[in-house]
1. Please give the number of the condition residue 18 fails out of (1) modelled with pLDDT of 95 or more; (2) crowded, with 16+ Cβ neighbours inside 10 Å; (3) closer than 22 Å to residue 76 by Cα; (4) of a type outside the set (A, V, I, L, M).
2. Between 164, 153, which is assigned to a helix (DSSP H, G or I), buried (at least 18 other Cβ atoms within 10 Å of the Cβ) and modelled with pLDDT under 95?
3. Return a yes/no flag: does region 32-53 have any residue that is β-branched (Val, Ile, Thr), touching a Cys at 6+ places or on another chain (Cβ under 8 Å), over 22 Å from residue 162 (Cα atoms) and modelled with pLDDT of 90 or more.
4. Just to be sure before I move on: is residue 77 surrounded by fewer than 17 Cβ atoms within 10 Å (Cβ to Cβ), out of contact with any Asp or Glu (no Cβ under 6 Å at 6 or more places or on another chain) and assigned to a helix (DSSP H, G or I) in the structure I sent?
5. Select from region 23-50 the residues that are among the aromatic types (Phe, Trp, Tyr) and assigned to a helix (DSSP H, G or I) and write down the one among them that is nearest to residue 149 (Cα to Cα).
Amino acid sequence: MHPGFAIILLWAFFVLTWLVAAWWSDPADKKIGFRAELPYRLVLLIGGIIFAVPARSYHGPLRLWHVTLSEAWICVALIMLGFAFCWWARIHIGPLWSGSVTRKGDHAVIDTGPYAFVRHPIYAGILLAVFATSAAKGTIWGIGGALIITIGLWLKARLEEGWLRRELDPGAYDAYSRRVPMLVPWC
């Protein structure tokens, strides 16, 4: 199997299983609302479209570098690691997970499992997969899309944290955010 095909399969598998798992979630008691979420959603949409531009036909200034076969397989391994981190977080948080900014019935600050390393392990895992994919692609489109996706996830994380700080125990969330980094472990 070629690493490019493996990357496509990994992304397809992740997206498909993530969509199916969305049914495994408790109903929301309260939502922040579409208008508040629109800015980060638009940024993620634009970043995702740019990121998805195929890399195989680019040469010249749009191609920033070429990776060797072994470097491409290292990128595949990093993508798998990112997705595994996402799934660990998704399983750990269980029915409290939501694709939008919400508060669930027995919502509390989760600071165990992957949430002991970063406050947003799902976003961190996605970013690892996005940047590993961009490294394998080596195009201006891949890097540009990855940077825009990073901004979109950062915007969502900031919105989510403000919401959780207001909706949950502010002291507990503040203590958690002082102890645990937002997206990059040990930073």
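1. (1)
2. On the way: 153 fails: modelled with pLDDT under 95.
Sole residue among the options that is assigned to a helix (DSSP H, G or I), buried (at least 18 other Cβ atoms within 10 Å of the Cβ) and modelled with pLDDT under 95: 164.
3. Taking region 32-53 as the starting set, the residues that turn out to be β-branched (Val, Ile, Thr) are 32, 43, 46, 49-50, 53.
Filter once more, keeping what is touching a Cys at 6+ places or on another chain (Cβ under 8 Å): none.
There is no residue in region 32-53 that is β-branched (Val, Ile, Thr), touching a Cys at 6+ places or on another chain (Cβ under 8 Å), over 22 Å from residue 162 (Cα atoms) and modelled with pLDDT of 90 or more.
4. Details: surrounded by fewer than 17 Cβ atoms within 10 Å (Cβ to Cβ): yes; out of contact with any Asp or Glu (no Cβ under 6 Å at 6 or more places or on another chain): yes; assigned to a helix (DSSP H, G or I): yes.
Yes.
5. Taking region 23-50 and keeping what is among the aromatic types (Phe, Trp, Tyr), we get 23-24, 34, 40.
Add one more test, that the residue is assigned to a helix (DSSP H, G or I), and what stays is 34, 40.
Values: 34: 19, 40: 9 Å.
By that ranking, first place goes to 40.
The values are calculated or read from the model by the stated rules, or taken from the named source; none is laboratory data. The structure presented is a predicted model; accordingly, all values stated were derived computationally and were not measured. Methodologically, a virtual Cβ is constructed for each residue, glycine included, from the backbone with ideal geometry; neighbour enumeration extends over all protein chains shown.
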